[in-house]
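First the structure, in the form of structure tokens, and then the observations on it.
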Amino acid sequence: MPPTDASTDAGTAPATELATDTGPRSGPGSSSGTSTDSEDTLDLRLPDELIALFAGEAGTRGGATGDATAEAMGDASGGARGERRGMAENPAATPADDDLLDHVGGWGPTATPVGVFHLVPVRVERDLPLIARWMNDPAVAEFWELAGPESVAEEHLRLQLDGDGRSVPCLGVLDGAPMSYWEIYRADLDVLARHYPARPHDTGIHLLIGGVANRGRGLGSTLLRAVADHVLNKRPSCARVVAEPDLRNTPSVSAFLSAGFRFSAEVDLPDKRAALMVRDRALRDLL
């Protein structure tokens with residue numbers, strides 16, 4: 001998944017770090033992760049929304065609950081993009097007025113030490129050329145695997161925009177200028193939940209910093225902290241924000257630590273061993 005710009009936070013990251021390691025490629029996989037944090041193992045109840053999705057899928061298709069679960073969760077053998085696609089393509093069995101992420105588009109701007117930051121939900125007709133250009137940056141493409149013609153990025157975006165709302169793609173706009181791409185998603189309803197003891201309303205983030213000029217100067221950690229806290233402020237039911245950078249990417253992990261996340265566990269995903277990073281509501285004033 002896209003990384004964090006750790007070059008000024010950790011002092012060791014190359015300027016491309018935040019373009020890389022916290023995005024869809026490191027999505028959920030087939031083997032279970034292990035947690036070393038006993039606090040993270042207490043609540044293993046399936047969220048009500050996920051139960052409703054499975055039940056609705058089974059009723060619609062007339063199939064068994066097991067078939068509905070497989071459809072909703074995606075094909076674990078298909079890789080990260082295939083699994084996230086399985087989640088996005090599943091039609092929501094939730095009411096139309098039940099927004100799974102508390103209306104990200106209405107969250108508004110938030111003040112940060114580097115300027116006013118705003119998560120603006122993607123509009124394909126407006127934003128596709130810019131996002132596709134970022135996805136074709138070699139530093140980004142290595143981890144996101146969405147390089148190619150605009151149609152590749154468009155498919156990725158539409159799978160979220162046409163889905164049930166559990167993942168919302170956004171432009172990160174800093175002082176009026178689009179400079180990053182984010183995905184705010186329900187981690188507890190995502191296939192990632194197979195790999196850690198998810199709690200209801202856990203919220204995940206993926207990101208990339210688009211322009212090379214914005215990388216390597218500490219923006220990653222600053223914006224990660226700001227966005228994580230923005231999520232907690234706007235989603236009162238969410239107690240944790242999670243992310244899963246590649247464990248080998250020490251600068252990226254360091255950037256999350258600098259942003260007030262804690263290292264919770266190592267988890268095995270299809271294409272990497274990841275560091276599960278968690279920012280807790282209860283600890284955010286201390287970290």
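Dividing the mean sequence gap of close Cα pairs (under 8 Å, 6+ apart) by how many residues region 161-261 holds gives a relative contact order of 21 percent. Between V124 and E150, the distance separating the two model label sites (each 7 Å from Cα on the Cα→Cβ line) works out to 1.2 nm.
List residues of region 220-239, by number, whose backbone nitrogen lies under 15 Å from a label position 7 Å along Cα→C-beta of A177. Under 15 Å, as judged by backbone N against the label point of A177, lie 220 of region 220-239.
Please label the shape of region 200-287 as rounded, prolate or oblate, based on the square roots a ≥ b ≥ c of the eigenvalues of the alpha-carbon gyration tensor (a/c under 1.5 means rounded; beyond that, a/b larger than b/c means prolate, else oblate).
In terms of gyration-tensor shape, oblate.
You can think of it this way: the chain between D162 and D102 has 19.9 nm of extra reach, that is 0.36 nm per residue less the Cα-Cα gap. Taking square-rooted eigenvalues a ≥ b ≥ c of the alpha carbon gyration tensor, is region 140-287 rounded, prolate or oblate, where a/c under 1.5 means rounded and, failing that, a/b exceeding b/c means prolate? Rounded shape, in that the Cα axes give a/c under 1.5.
When a/c is below 1.5 the answer is rounded, else prolate if a/b is larger than b/c, else oblate, so apply that to region 115-186 with a ≥ b ≥ c taken from the square roots of the Cα gyration tensor eigenvalues. Taking the square roots of the gyration eigenvalues as a ≥ b ≥ c, region 115-186 is oblate.
In debye, nearest 20: dipole of region 106-195 around its Cα centre with unit charges on the Cβ of K, R (+) and D, E (-)? Provide the component values of the computation, followed by the final result.
Details: 7 positive and 14 negative charges, 46 e Å.
Dipole size: approximately 220 debye.
Just to confirm my numbers, what's the Cα centroid distance between region 112-141 and region 218-238 in Å? Between the Cα centre of region 112-141 and that of region 218-238, the gap is 17 Å. Residue order for R215, R133, fewest other beta carbons within 10 angstrom first, comes to R133, R215.
We did not get these values from a lab; they are worked out from the coordinates using the rules stated. Keep in mind that what you see is a predicted model, and the values were worked out from it rather than measured. Because the Cβ atoms are built from the backbone with ideal geometry, glycine has one as well, and the counts that use them run over all protein chains shown.
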